[in-house]
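Notes follow the structure.
Read the figures in this text as sums done on the coordinates, not as results from a lab. This one's a predicted model, so the numbers in the text were calculated from it and none came from an experiment. Cβ: placed from backbone, ideal geometry, glycine included. Neighbour counts: every protein chain shown.
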C-alpha cells in the first residue's frame, strides 16, 4: 500500500504535546479501505464534531440512537435473528454517544480508544495540594519567627502607642510589611519559574511555557494567592505585636507568654505533620511503582521486541519472519493484530444455546503466541498447525470462562457477531488470566482467535538487546531497504502504563525535599530563639555540673515531642490519603507500618540535626558570659 501516491494539499503545524491526537501526516479517510466499511457493527472508528453553542448534546445523542436502531438493527436481525429491542432486553449494549473532548483529556484516562494517553485530573489536584502545603509551611515560618522575635519590636510598638498611634494604624503598618515581603517573594518566585521551567518540564513530561503566566487565569490566580498569603502570614503577627501594653513594654517586662508559645508549638506540629505526610506518601508511591514493575502479570514482558509497522512489508511479511527466525539470538517470533498493553477491539459473543450477549475483548494471534509471551495454559491447548479446524477455534482467558459461567469450557462453542454474518467458534483452550491492559482494572474477559499473519510482529530474543536490534535491522534492510525500521520493547510499553505515577513519585521527591528544607529553616530559627531565651538556665545548669550532651538533650526534648505529635497526626492522614490512592489500582501493596516508622524516623533525624547545631553551641558556651550580671 505504500506504493500509492498522495497529493499534498496543505501543511499543518505540529500537534500540541498535550493533545491526545498526535500525527506526522493526515490522510483522507477515503484512502483507507477499513474506514470505508459500511457496517454499523464496526465500532473501531471515532467521529468528531464541533457543536454550535446552542446545540443540545442530549438531542444529538437521541438522534444517534435513532440512527443506530435504523442501521444496526437490520444487521442484528441478519446476524442473530433478533431486532434491536430484543438485543437490549437480553442485556446487549450498543450505542454511539457524545463525550466532550475537554473532559476526556483529564477525566477519562482509562477509556480504551487508541488515542494518545491524557493526563489525570487527580494528579493535578495532588501536585496542587502539595504546592499549597509548601506555601502553608512557609507562612507558618513567617508567623512563628515574627512572634518569636516579638521582643525586638515591642519597644517600637510601645513608643508609637505612647505617641498616640492607634492599634489600627499599627496593624496596617505590619500588614503592609507583610505585603512587601510577599511581593518581593513573588518576584523572586517568578524569576525562579523562568529559570527552572525547562527542568520542571523535563521532570513532569510537559511543555509548559513562561508565556502561560501572562494569561488572564494565571495572573488573576497569582493576585489572589498574593493577597491570601499576605493576609495569612501577616495577620497573626500584626495583631499579636499590637496587643502589647505600652507601659509594660517600656518597663522591659515583655515576655513571650505561654499563649504565644502554645501557638508556635501548634504551628510547628502542623509544619512537620505536612512534611511527614509527604515523606511517607513518597515512600508509598515508590513501593507501589516497584510492586507494579516487578509483579508477575501472567506473561513474560522482558526480552520481547515489538515491530508495529510490519504491514509495510506487504506480501514480504512471512519471508521477513522466516529470515528473522534463522538469525542467531532470535528464539521465536509471532504475528498479532494487537498492540500491548491494551486491546483495541471488543465484540459481541454468545454462548451457543444461550440468548445472553457478552461484550468481551478480543484479538488475533498466530500459533507461537503462547510461547512468545510465555502464557500459562489452564485447560486444553493453544492453536496448532496440526488442527486445520483451528481457523474457527478460539482460546479464552479465565475471566471469560467466569463471565460465561461455564464449568467445562472445552465442550462449548461461542457465536461471534463481528460483521454481517455470525461465526461459530470452538473453544480449544483456556489460558490463565494475564494483564494485557491497565493495572488499575481487573483482567477483562478475553477471546483470542487465530490469524496466520497480522500487522505486528513479536520477537523473543536471547542475549543482549542491542545485538538483537542490530540483527533485526540488518534483516529488515535486506527485505525493505526503503522502509524505516521502527521497534519498541514490550516491557517498556507496559512500564508506560504508569508513567504518570512515576512522574508523581519524582515530583513528590522534589517537593518533599523543598517542604522539609523550608520546615527546617523555621525550626532552626525557633531553636536559635529558644537557646537565646534560655541562656541563663543553660549557664546555671552548666555551673551545677550538667554536661553538653545532657543540656542539648534537654533542649531538644521539647521539639522531639512536637515531632512525635506531628508523626501521629501525619500517620492518620497519610493512611487515609494513600489508601484512597492505592484503591485506584486493581493490584496494589498493603500499607506497611514499616513505611510509616521509616518516614517518622527520617523526620525525627532531620529535626534533631537541625536543632542540635544551636543547642550544642549554646550548651558549649561559657556560663560566665550569661551569668556575669546576675
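Between residue 410 and residue 228, what is the spin-label point distance in nm, taking each point 7 Å from the Cα along the Cα→C-beta axis? Rounded to a tenth, the inter-label distance reads 6.4 nm. Which value in Å is the Kirkwood Rh of segment 279-322 over different Cα pairs? About 14.1 Å, per the Kirkwood formula over Cα pairs. Relative to a virtual label point 7 Å from the Cα of residue 506 in the Cα→beta-carbon direction, which members of segment 190-225 show backbone nitrogen distances below 11 Å? Backbone N within reach: 199-206.
Using the Cβ-Cβ distance between residue 577 and residue 188 with R0 = 45 Å, the FRET efficiency computed as 1/(1 + (r/R0)^6) comes to roughly 0.90. Taking other Cβ atoms within 10 Å as a rough exposure proxy, 479, 512 sort from fewest to most as 479, 512. On the beta carbon distance between residue 371 and residue 521, with R0 = 51 Å, the FRET formula returns roughly 0.30. Taking the DSSP beta bridges in the chain as the whole, what percent of them are antiparallel, to the nearest 5? Rounded to the nearest five, the antiparallel share is 75 percent. Modelled spin-label separation between residue 12 and residue 402, with each label point placed 7 Å from Cα along the Cα-to-Cβ direction: 4.2 nm. So what does log10 I(q)/I(0) come out to for the chain at q = 0.06, 0.08 Å⁻¹, using the Debye formula with one equal point on every Cα and no solvent? For the chain at q = 0.06, 0.08 Å⁻¹, log10 I(q)/I(0) is -0.53, -0.80.
Among 71, 614, a tally of other beta-carbon atoms within 10 Å of each Cβ gives an order, fewest to most, of 71, 614.
Among 222, 578, 524, the order by Cβ neighbours within 10 angstrom, fewest to most, reads 222, 524, 578.
Summing -39500 (n - 2.57) over the DSSP H runs of n ≥ 4 in the chain and dividing by its residue number, what mean residue ellipticity at 222 nm do you reach, to the nearest 500 deg cm²/dmol?
Calculated from helices alone, the mean residue ellipticity at 222 nm is -18000 deg cm²/dmol.
In segment 304-492, the C-alpha radius of gyration followed by the widest Cα-Cα span (Dmax) gives 17.5, 53 angstrom. Per-peptide packing, taken as the mean over residues of other Cβ atoms within 10 Å, places 605-612, 381-388 in the sequence 605-612, 381-388 from highest down.
Hey, for a label at residue 331 modelled as a point 7 Å past Cα toward Cβ, could you say which residues of segment 460-474 have their backbone N under 11 Å away? Backbone N within reach: 460-463.
Dimensions of segment 500-565 based on its C-alpha atoms, expressed as ranges along the principal axes with the largest first, amount to 60, 19, 18 Å. Placing a pseudo-label 7 Å from each Cα along the Cα-to-Cβ vector at residue 483 and residue 218 gives an inter-label distance of 4.4 nm. If R0 is 60 Å, the Cβ-Cβ spacing of residue 319 and residue 102 corresponds to a FRET efficiency of close to 0.80.
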